[in-house]
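Visitor: Questions regarding the structure given below will be posed in turn.
Please treat every number below as a calculation from the coordinates, not as lab data. Quick caveat: nothing in here was measured; it's all calculated off a predicted structure. In this analysis, Cβ positions are derived from the backbone assuming ideal geometry, glycine residues included, and neighbour counts consider all displayed protein chains.
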Amino acid sequence: MSIIKRFTGLLAGAALGAGALFATAAPAQAYSPNPAFNSYYYDTGNCPCSGGNLTDPFDNTYFANDAGGLAVKMELTSSGAFVGKVEFHPNDEKLWVYDTANDGDTYYVKVGYTSGGVAHDLGTFSPPGTTAVLDYQVLDFDLPEGAYVDISVYDDAALTDLIGAARGTGSAIA
């Protein structure tokens, strides 16, 4: 075999190997269409709260009492099945981010708050991606009482495909 044929074969093999490497490292596909989005707000001055639309097949949301707080639970469903949920609990200012479907996809939650007329970015979060049917992470923020908490849920890491949000006049309150 000539050196040119060997070199060409080597290059072709390297290109195929690199293609396989990049194909497995690609991000999960976005939902298409986006999941349905529902949000439920609770005045936590009137809590503890559970049951009703806080009931779900995973852990049933429970909001503790926190005078002046406004909690939110956001549900994401696709074809009638849960794929995720996001909860903001004013008591201890915790954000719960769940992936409830082991479907190879994720979503991104951008969080910020406004207090004293100044906006603050807390970051962008996603549930951990394991092989478990239910993945979640709990983020513990130290927010000023009465801060308006903006939560936006996106289908892509670039934060260009908005699924739904609780922000502005519809924000949660710490």
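Visitor: From the square roots a ≥ b ≥ c of the eigenvalues of the alpha-carbon gyration tensor of region 49-174, which class results: rounded (a/c under 1.5), prolate (a/b over b/c), or oblate?
Guide: oblate
Visitor: While we're looking at this one, here's another question. Short version: ³J(HN,Hα) in whole Hz for each residue of region 83-89, in order, from phi by Karplus 6.51 cos²θ - 1.76 cosθ + 1.60 (θ = phi - 60°), x for Gly and Pro, what are they?
Guide: 10, x, 8, 10, 10, 10, 10
Visitor: If you don't mind, another one. Tell me the net charge near Asn65. Cut-off is 15 Å between Cβ atoms, Asn65 excluded, with +1 for each Lys or Arg and -1 for each Asp or Glu.
Guide: Here the count lands on -4.
Visitor: Using amide H atoms built 1.01 Å from N in the peptide plane, name the residues 5+ places from Tyr136, or on other chains, whose amide H lies under 5 Å from its own.
Guide: Asp99
Visitor: Please compute the contact order of region 90-169 in relative form: average sequence separation of alpha-carbon pairs under 8 Å and at least six residues apart, divided by the residue count, as a percent.
Guide: This gives 35 percent for region 90-169.
Visitor: Now for a different question. Under 15 Å from the Cβ of Tyr148, count the other residues' Cβ atoms, weight Lys and Arg +1, Asp and Glu -1, and hand me the total.
Guide: Combined, the nearby Lys, Arg, Asp and Glu give -4.
Visitor: Can you pull the Kirkwood radius for region 72-134, inverse mean 1/r over Cα pairs, to one decimal in Å?
Guide: 13.0 Å is the Kirkwood radius here.
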